[in-house]
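Trainee: After the structure tokens below, expect a handful of questions from me.
Bear in mind these aren't lab numbers, they're just calculated from the coordinates by the rules spelled out. Here the structure is a predicted model, which is why all the values come from computation and not from measurement. Neighbour counts run over all protein chains shown; Cβ positions are idealised from the backbone, glycine included.
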Amino acid sequence: MRATLLYSALTFSLASNAQWAAPSVNTPVRQASGVEAATPLSASGPDGSTYVCWFESDGSGYVLRMQRLDANGVAMWDPDGLLVSDQPQNSALFRYDLASDGAGNAIVAFQDERTGVLDVVACKVGPDGTLPWGDGISLPSPTGTGLAPNIGVLTDDRLVFAWTTDASPSTVALQVVAPDGTLSPTTAEYSAPGNINRPKIVPTSDGGFWLQYVEQTGNFLSPGTLKAIRISAASENGPVLSVSSKQVSGFYFPQPVPDGHDGFYVAINTGNVANANLTDVYIARLRDDGTTWSETGTPVEEGATTQRYTNTAAPALVSDEDGLMMAYSRTNLNQDQGGIAVQRLDTAGVRQLGTAGVEVLPLSTALPVPFANAPVVDGIMCATMQGGFSANTLSAFRIGLDGSVVDPPGEIDVCTVSSGKDDPTLVPFRDGQAVAVWLDQRNGAGIYAQPIMIPTGSGITEETNTAMLLRGGVRPAVVFPSGTVGRSSLRIIGPDGRLIHEQVLAPQTEGASIQLPVTGMSTGTYALVLEQARGRTVQRMMVW
């Protein structure tokens, strides 16, 4: 038998696994009578698993719980979820954050009143459900109380927590924490003549990071501009830099995306240059050396006949060669009809899909909005929510580099149950599977999850990824054109989604090859997954 190579990359799916429920049912993460779940967050875990955390109340107060779903959607901890914290909570819930570190632990930062005032705390949860930091460590603010923490995981495995204080004017506090929970000697605090808030951390390859934040000259709801400071591994501060001179609304939290070269991209909701009363989307880049594309960044479209919004979606970097893509919401001027459009920019900020982008979904009263853009090998997957109040569904669209919807698969059902939904998130693709998580009101306030998979296609050229190539024929082999960095593992997954072969690889020299153990393989499509250092995954598909 001869092996045939198929279109493949880390974003292409394995066979659907029966453990996940159908889109007409979905997989419940937390659903119980008398329990009000709220504000779910999600993050990737080890071995293709997904961490989900949420607050819930039984009427006596809020507690923080977490669940770990394996790659098949099976809960790995107590069905009710792991109790992470039952410390005293405020009567209101605030923005918080969830991340995973290089060792596969979940890190969650939130606010509670264990010290008598509302301030930031952080917890670490191991893959086995243990709590290495106990019930959490307090991160006291130098001035005021702490709100809306953000987590950064540095390349040396240290953690950075940044949050807004309620000082007047507001400041940004920042604390570096070792993996064992030891705090750095001081909590840094950043201030300006006006309010600064909404911090985000972007790690860099040298053990340092960027601190991005919004600076306002008026009150906390007034527009502001986006700033950033480069901070070294030794906690030395660089100058304050402008990311874009465009105004950011008081309600919007800009989400930076690493550019792969120690800089970042970011999209912002801002005013239209032709009519400041209309909303537009600009994308900016801050490079490693502190330079930008331009003073303002690049608008996704020209013209003032529609309004444009990011919603909660951020740009997705496809590659240096193909640039980055952004699917965004587009509405008419009355905002009673909405649709979705997409734009692609090269790494210099030049639009690749014309001055009007490409329409993905036309304007309609369904008002579809993107909540996540995830990169795939030749474009993005756009996860969307649509429908009126208390009657929402979820779906996804694979969008090619030219802006067109790739068919197959066309529209992918994520949740076909029409019900009230909120706080949708997406864990990006791993081994061909992304996972959507959201709050659902179908039977009281519960948390649900659903995978998104992409069927394979054909036509990839071997030049698209030099980390691992396949040589077809009667004796197929894996080839490493550039070698491998450190020890790695190679897995073969069968047409039914089961692991059929796994081997640990020593570092491979440039041009090395490994013959595949294909004896006894039945006819079908197989996934070959190479997992390298720090979680980098490359996938190729083979028809046998």
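Trainee: Which whole-number percent is the relative contact order of the chain (Cα, under 8 Å, 6+ apart)?
Mentor: Worked out over the chain, it gives 14 percent.
Trainee: Quick one: net charge around C415, please, counting Lys, Arg +1 and Asp, Glu -1 for every other residue with C-beta under 14 Å from its C-beta.
Mentor: Spelling it out: positives minus negatives among the neighbours equals -3.
Trainee: Please work out the C-alpha center-to-center distance from segment 248-276 to segment 24-52 and express it in whole Å.
Mentor: 29 Å
Trainee: Report the extension gain between A92 and D58 in nm, rounded to one decimal, defined as 0.36 nm multiplied by the number of residues separating them, less their alpha carbon distance.
Mentor: Extra length from A92 to D58 when fully extended: 10.8 nm.
Trainee: Could you list T331, T291 so that the one with the fewest beta carbons within 10 Å of its beta carbon is first and the one with the most is last?
Mentor: Listed from fewest to most nearby Cβ atoms, that is T291, T331.
Trainee: Okay, moving on. Based on the mean of other beta carbon atoms within 10 Å per residue, what is the order of 260-267, 76-83, most packed first?
Mentor: Final packing ranking: 260-267, 76-83.
Trainee: Working from the alpha-carbon coordinates of the chain, get Rg over Rh, Rh being the Kirkwood radius.
Mentor: Over the Cα atoms of the chain, Rg/Rh equals 0.95.
Trainee: Let me ask you something else. Compute the signed sum of charges (Lys and Arg +1, Asp and Glu -1) over the other residues within less than 14 Å, Cβ to Cβ, of L439.
Mentor: So the surrounding residues net to -1.
Trainee: Another one. Please arrange L64, L41 by counting, for each residue, the other beta carbons lying within 10 Å of its beta carbon, fewest first.
Mentor: Sorted ascending by nearby Cβ count, the order is L41, L64.
Trainee: Just tell me which lysines come within less than 20 Å, Cα to Cα, of K124; anything on the same chain fewer than 8 places away is out.
Mentor: Cα-Cα hits under 20 Å: K200.
Trainee: Counting Lys and Arg as +1 and Asp and Glu as -1, what is the net charge of the other residues whose Cβ lies under 10 Å from the Cβ of S244?
Mentor: Once positives and negatives cancel, what remains is +2.
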